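Written below as structure tokens is the structure these notes are about.
Read the figures in this text as sums done on the coordinates, not as results from a lab. Just so it is clear, the structure is predicted and the values come from calculations on it, not from any experiment. Note that we place each Cβ from the backbone using ideal geometry, even for glycine, and neighbour counts take in every protein chain shown.
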């Protein structure tokens, strides 16, 4: 009981330290669609929008805060085409243009910038300049399409646990209603609005959950009750 109480207190401290929250809620673990809302200081700041998540829905990821999981609920693994469930810090914005200015650290997606999804690499789940000896598996951050024209880095699996998933972003959708390999995608105009709002000094986080976990989130984040 004491341990549970201390965990709850630590979760609440973390909750209230986050002034900007992106909340993504799907109908269930198997849904490839969800709804995204943004909050600052307990107030909703934009209209709720439809977004695309993993082709195979959601699986429990590795984030900043642990939530209560049921034994049979799916976990997020590399290549499973599931988006991660959990609470995650948002750390960087990335994009194709060189000198964009935001209130978040910015990564210019040059042709040499890659994100490593080889779980045997020491650079697993990191965005790096391409080394001379390339990892066995990675993706270029400068793509031939517009999906990474603008995006947000989600701090999932920062401890680089093997095969638990990598390179998780919020980014531009491939086309309308197109599910992803594990990220969360939306229209370019929507991600532009979110990116221009985000401020690293306001400790932005992503909360991504199936609807069944919403009561647990509202216990930790009562400021999200609308």
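What span do the alpha-carbon atoms of region 93-226 cover on each of the three principal axes, reported in whole Å from largest to smallest?
51, 33, 33
Using the beta-carbon distance between residue 68 and residue 201 and R0 = 41 Å, what value does 1/(1 + (r/R0)^6) give for FRET efficiency, to the nearest 0.05?
0.85
With runs of 4+ DSSP H residues as the only contributors, calculate the mean residue ellipticity of the chain at 222 nm using -39,500 (n - 2.57) per run, divided by the residue total and rounded to the nearest 500.
Taking each H run of at least 4 residues, the total per residue is -4000 deg cm²/dmol.
Output the 0 to 90 degree angle, nearest 10, between the alpha-carbon long axis of helix 2-16 and the longest principal axis computed from the alpha carbons of the chain.
60 degrees
Can you sort 205, 195, 87 by how many other beta carbons sit within 10 Å, fewest first?
Ranking 205, 195, 87 by Cβ neighbours within 10 Å, fewest first, gives 195, 87, 205.
What is the fewest-to-most order of 65, 184, 133, 110 by other Cβ atoms lying within 10 Å of their Cβ?
Listed from fewest to most nearby Cβ atoms, that is 133, 110, 65, 184.
Can you give me the relative contact order of the chain as a percent, contacts being Cα pairs under 8 Å and 6 or more apart?
Relative contact order of the chain: 26 percent.
Taking Cα atoms, how many degrees apart are the long axis of helix 188-197 and the longest axis of the chain, rounded to 10 and kept between 0 and 90?
Tilt relative to the chain: about 70 degrees.
Quick check: the distance between the Cα centres of region 102-120 and region 184-226, to the nearest angstrom?
22 Å
Neighbour counts of other C-beta atoms within 10 Å: give me 47, 27, 159 arranged from fewest to most.
159, 47, 27
Using 7 Å Cα-to-Cβ label points, what is the residue 130/residue 100 separation (nm, one decimal)?
Distance between label points: 2.1 nm.
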